[in-house]
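Structure first, then comments.
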Amino acid sequence: MRTDAGAVATAPPIDNLALRAYRPGDASAMVELWNRANAADGVPWRTDTAELEAWFSQSNDKFDPGRDLFLVELDGKLVATADSEWVDTTDGLREFRMGAIVDPAWRRRGIGSWLQGQLEAHAHRLWQTYPSDERRPMLGSWAMNSETAKIALLRRFGFEEARYFFDMVRPSLDEIDEPVLPEGLEFRPVREDQLKQMWDADMESFRDHWGGFDGSDESFQRWLHDPKFDRDLLVVAWDGDEIAGGVVNEINAVENAAFNRKRGWLQSVFVRRPWRRRGVGRAAVLRSLQALRERGMTSAGLGVDADNPTGALGLYTGTGFEVEHRSAAYRKPLEERA
């Protein structure tokens, strides 16, 4: 078996190197590897065991850790991981997304290329299992600009940049303008029995955005079980019993400890179509900044599509955010194998 880059998809000549499927209990070793690799690559994200186990807790056809998550061990020690999932995108594709993380001490020895070949072969198997007559199959990945080795590997395998993204930061939570909603709308807390309504409103709003999202019940449950989930930090603008828009806010205590900071995240900012261009998004962002400040945070972050069609980039710069990191989504067609 060969990859599209022509590299043989067999293990590199390293004694006692083994590839196996994920098993329950692997999350803690994965956390240690991922956090160390992210630090080496300048990726400002950190995770913990509880977060990973929440992600792995709900399987569906798009992501099943026992099927789609692979670990590479050397003499029983974890040195690399690879993962895959698929989504139906808003631009008419069935995209098989993939990523691999290799221990910095074991890079440049062929492990990354081997895993990329394994992931692409896995994507072909998934496409055979979940074909679509309406959608074209595509391979996808993602990298921050600081991940130069990963970007070089993706390009060598034929991937090209498809879309650009920014991580933005508001370095201070001082001097926040007062949020003003359109007449007839109000901010109200989200009750337990309204969480699915909010989730559905968020998913609906992003149907106009590039990419694709797993809006399944299993994905909803992963969100609820994420240790960062905090119902009291949700900001929702209500129009009667209808959700006009809102923000999913969270605080990542693990990252804050790692970077010695107090930062909250506007994880998802959304406005449904009938309420757009009326100031709902700006008001929800400003109210979120207030809520994070009330929790003792001193800065705020968010991610945004650089070409977002709803004017989000202008909204964020207008409320005090500035670009801190850049990243890109990468794609290449999934071709039929001989």
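The values are calculated or read from the model by the stated rules, or taken from the named source; none is laboratory data. Just so you know, these numbers come straight off a predicted model, no measurement behind them. Positions of Cβ are backbone-derived with ideal geometry, glycine not excepted, and every protein chain shown enters the neighbour counts. Note: areas computed on protein heavy atoms with side chains; ligands, DNA, RNA excluded. Shrake-Rupley method; radii C 1.70, N 1.55, O 1.52, S 1.80 Å.
When a/c is below 1.5 the answer is rounded, else prolate if a/b is larger than b/c, else oblate, so apply that to segment 123-201 with a ≥ b ≥ c taken from the square roots of the Cα gyration tensor eigenvalues. Could you put the intermediate results ahead of the total?
Working: a/c = 3.44, a/b = 1.54, b/c = 2.22.
It is oblate, given that a/c is not under 1.5 and a/b is not larger than b/c.
Across segment 101-116, coupling constants 3J(HN,Hα) worked out from phi with the 6.51/-1.76/1.60 Karplus curve, θ = phi - 60°, read 10, 10, 3, x, 6, 10, 7, 6, 10, x, 5, x, 5, 4, 5, 4 Hz, and Gly and Pro carry x. What's the local net charge at Gly314, with K and R +1, D and E -1, over the other residues with C-beta under 14 Å away? Local net charge: 0.
In percent, how large is the relative contact order of segment 200-292, given Cα pairs closer than 8 Å and 6 or more residues apart?
It comes to 29 percent, rounded to a whole number.
Near the amide H of Gly301, within less than 5 Å, lie the amide hydrogens of Arg170, Gly264, Trp265, Leu266, all on another chain or at least 5 residues away, with H placed in the peptide plane. Angle check, please: helix 280-294 long axis (alpha carbons) against the longest principal axis of the chain (alpha carbons), in degrees 0 to 90, nearest 10. Approximately 80 degrees, to the nearest ten. The orientation-averaged projection of the convex hull spanning the C-alpha atoms of segment 242-281 amounts to 3.5 square nanometres.
Working from label points 7 Å from Cα in the Cα-to-Cβ sense, the Glu175 to Ser146 distance is 2.8 nm. Kirkwood radius for segment 225-338, taken over all pairs of different Cα atoms as the inverse mean of 1/r, rounds to 15.8 Å. The angle separating the long axis of helix 195-205 from the principal Cα axis of greatest extent in the chain is about 80 degrees. Relative contact order of segment 27-110: 24 percent, from C-alpha pairs under 8 Å at least 6 residues apart in sequence. Which shape class applies to segment 173-299: rounded if a/c is under 1.5, otherwise prolate when a/b exceeds b/c and oblate if not, where a ≥ b ≥ c are the square roots of the Cα gyration tensor eigenvalues? In terms of gyration-tensor shape, oblate. Axis angle, to the nearest 10 degrees, between helix 27-41 and the longest C-alpha principal axis of the chain: 80 degrees. State the percentage of accessible surface on segment 124-207 attributable to carbon and sulfur atoms; use a 1.4 Å probe and exclude ligands, DNA and RNA. Carbon and sulfur together cover 47 percent of it. For segment 236-248, backbone phi angles converted through the Karplus equation (6.51, -1.76, 1.60; θ = phi - 60°) give residue-by-residue couplings of 10, 9, 9, 10, x, 9, 9, 8, 7, x, x, 9, 8 Hz, Gly and Pro being listed as x. Shown in residue order for segment 258-267 are the 3J(HN,Hα) couplings computed by the Karplus curve 6.51 cos²θ - 1.76 cosθ + 1.60 at θ = phi - 60°: 5, 9, 6, 9, 10, 10, x, 10, 8, 6 Hz (x for Gly and Pro).
The ratio of the alpha-carbon radius of gyration of the chain to the globular-protein estimate 2.2 N^0.38 Å is 1.03. Electrostatic bookkeeping for Asn35 treats Lys and Arg as +1 and Asp and Glu as -1; over the other residues with beta carbon under 10 Å from its beta carbon, the sum is -1.
Compute the signed sum of charges (Lys and Arg +1, Asp and Glu -1) over the other residues within less than 12 Å, Cβ to Cβ, of Leu126.
-1
At 1.567 mPa s and 4 °C, plugging the Kirkwood radius over alpha-carbon pairs of segment 1-91 into Stokes-Einstein gives what diffusion coefficient in µm²/s?
Working: Rh = 15.0 Å.
For these conditions, the coefficient is 86 µm²/s.
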